[in-house]
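Trainee: Here it is, the structure in full.
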Amino acid sequence: MLKHLLTMQDLSINEIYRILNLADQLKYNQQHGIPHRRLEGKTLVTIYEKPSTRTRISFETGMFQLGGLAMYLSGRESQVGRGETAADTARTLSRYCDGIMIRTFRQEDVEELAAYATVPVINGMTDYAHPCQVLADLMTIRERYAHLDGLKLAYVGDGDNMCQSLIVGGLKAGMTVAAATPRDYRPLPEILDFAASDPGFDFLLTDDPREAVQDADVVFTDVWVSMGKEAETEQRLRAFQGYSVTAELLALAKPGCMVQHCLPAHKGQEISQEVFEAHAQEIFDEAENRLHVQKAIMCLLMGGVERED
Ligand code: CP
């Protein structure tokens, strides 16, 4: 049984669909005013060592809608920022709360938190992975196409957390995945090993965005300068030239293809203003679905599945 959500690798395909199906149901309930207080009396502590708009507000709103309470703990303003270990933080917070969500830099810190916590731990983004975002992305794609398997997902840009989680999530869901990244910004070898681990996986890594986007059903991109990489701005802006999702690039994808962006966007860099605005509806559907998918994740991990609405 799923205890924590730390990476997309943690999830079986059945668990992915369980989350997506419950998220669809919770979205329906929310939109139709049907109460679904499945986590009444439960608390979630959310720890942030990086800034956030979507993650923070969607977890806090989601927990409120489920009848529970989410609390914000800033890395800088708590003992986490003064060096209290993940192990001791986990053992303390497990005495108060029913779940922990953390956004931080190092995946190892999330893994340590989970190793010592006696309550579920949810990765709200590390430099390595962004599983909550990718589950919202899969939900959004499925809403549009009614299925995931057999679709082609193309990613253009930095091969870090979003790209890595999309590769794993997309392949697990039976999608063809093509990633175009500059040679110095490729996904980690362990992600490439995962993509090569199953003869059924259809994966392409290229440095040519045109090759990746060819006949795609959905095209993803992400910022060129991720949080914590600001010192590398000049070098990254140079390296990512040619990795913009523009109308010209998108013309190679299938007609009517979706564009997804986890946000915030730097228009004129990884995505043109024109493409962003033309696909704004589905990009903000994607942002909205963070709320519904995270409510499903919390229900699954924190005992809210067994409760009826
Ligand atoms: N996509 C995402 O995680 O957004 P925030 O950084 O605003 O939380």
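Since every read-out is calculated from the coordinates, none of them should be taken as a lab result. Please read all numbers here as calculations on a predicted model, not as lab measurements. Because the Cβ atoms are built from the backbone with ideal geometry, glycine has one as well, and the counts that use them run over all protein chains shown.
Trainee: Only helical DSSP H runs with n ≥ 4 go in: add -39500 (n - 2.57) per run for the chain, normalise by residue count and round the 222 nm mean residue ellipticity to 500 deg cm²/dmol. Mind showing how you got there, number by number?
Mentor: Working: 12 runs with 129 residues, N = 309.
So the calculated ellipticity at 222 nm is -12500 deg cm²/dmol.
Trainee: Hey, another quick one. How big is the dipole moment of segment 171-309 about its Cα centre under a simple scheme where the beta carbon of each Lys and Arg is +1, that of each Asp and Glu is -1, and everything else is neutral? Debye, nearest 20, please.
Mentor: On the way: 12 positive and 25 negative charges, 47 e Å.
So the magnitude is around 220 debye.
Trainee: Sorting check: for 296-307, 134-145, 227-238, which peptide has the highest mean count of neighbouring beta carbons within 10 Å, and how do the rest follow? Mind showing how you got there, number by number?
Mentor: On the way: 296-307: 20.1, 134-145: 22.8, 227-238: 12.4.
Sorting 296-307, 134-145, 227-238 by mean packing, highest first, produces 134-145, 296-307, 227-238.
Trainee: Can you compute the charge dipole magnitude of the chain about its Cα centre, using +1 on each Lys and Arg Cβ and -1 on each Asp and Glu Cβ, nothing else charged? Give it in debye, rounded to the nearest 20. Show your work: numbers first, answer last.
Mentor: Working: 30 positive and 45 negative charges, 166 e Å.
For the chain, the charge dipole is close to 800 debye.
Trainee: Find how many whole Å separate the alpha carbon centroid of segment 71-92 from the alpha carbon centroid of segment 103-158.
Mentor: Each part reduced to its Cα centre gives a spacing of 22 Å.
Trainee: Report the equivalent ellipsoid semi-axes for segment 174-213 in whole Å, largest first, defined as the square roots of five times the eigenvalues of the gyration tensor built from alpha carbon atoms. Could the numbers behind the result be given before it?
Mentor: On the way: eigenvalues 61, 37, 6 Å².
Over the Cα atoms of segment 174-213, the semi-axes work out to 18, 14, 5 Å.
Trainee: Please report, in whole Å³, the volume per residue of the convex hull around the C-alpha atoms of segment 60-111. Could you put the intermediate results ahead of the total?
Mentor: Details: hull volume 4.8 nm³, N = 52.
Dividing the Cα hull volume of segment 60-111 by its residues yields 93 Å³.
Trainee: Computed over the Cα atoms, what is the radius of gyration of the chain divided by 2.2 N^0.38 Å, N being its residue count? Display every interim value, and only then the final one.
Mentor: Numbers: Rg = 18.8 Å, N = 309, 2.2 N^0.38 = 19.4 Å.
Here the Cα radius of gyration is 0.97 times the empirical estimate.
Trainee: Follow-up question, since we're still on this one. Rank by packing, highest mean first: peptides 70-77, 174-181, with packing defined as the count of other Cβ atoms within 10 Å averaged across residues. Please report the intermediate quantities before stating the final value.
Mentor: Working: 70-77: 15.0, 174-181: 23.2.
Listed from highest to lowest mean packing, they are 174-181, 70-77.
Trainee: Next question, about the same structure. How high is the relative contact order of the chain, in percent, counting Cα pairs under 8 Å that sit 6 or more residues apart?
Mentor: Values: 593 pairs, mean separation 64.7, N = 309.
21 percent.
Trainee: Plugging the Kirkwood radius over Cα pairs into Stokes-Einstein for segment 222-309, at a temperature of 10 °C and a viscosity of 1.306 mPa s, what D comes out in µm²/s?
Mentor: The Stokes-Einstein estimate is 103 µm²/s.
Trainee: Okay, moving on. Within segment 89-121, name every residue whose backbone N is under 16 Å away from a label modeled 7 Å from Cα of Met227 along the Cβ vector.
Mentor: Counting backbone N atoms under 16 Å from the label point, the list is 101-110.
Trainee: Oh, and also: May I ask you to work out the translational diffusion coefficient for segment 80-219 at 20 °C, viscosity 1.002 mPa s, via Stokes-Einstein with Rh from the Kirkwood sum over Cα pairs, reported in whole µm²/s? Write down the numbers at each step before the final one.
Mentor: Working: Rh = 16.3 Å.
The Stokes-Einstein estimate is 131 µm²/s.
Trainee: Given 5 Å bins starting at zero, what is the percent of C-alpha pairs of segment 142-260 in each, up to the one with the largest pair distance?
Mentor: Percent of Cα pairs in each bin: 2, 12, 23, 23, 20, 12, 6, 2, 0.
Trainee: Assigning unit charges at the beta carbon (Lys, Arg +1; Asp, Glu -1) and nothing else, what dipole magnitude in debye, to the nearest 20, does segment 1-146 show about its Cα centre?
Mentor: Charge dipole of segment 1-146: 400 debye, to the nearest 20.
Trainee: Considering amide H positions built from the backbone, and no H for Pro or chain starts, which residues 5 or more places from Thr43, or on another chain, come under 5 Å of its amide H?
Mentor: For Thr43, whose amide H was placed from the backbone, the distant partners under 5 Å are Leu69, Asp98, Gly99.
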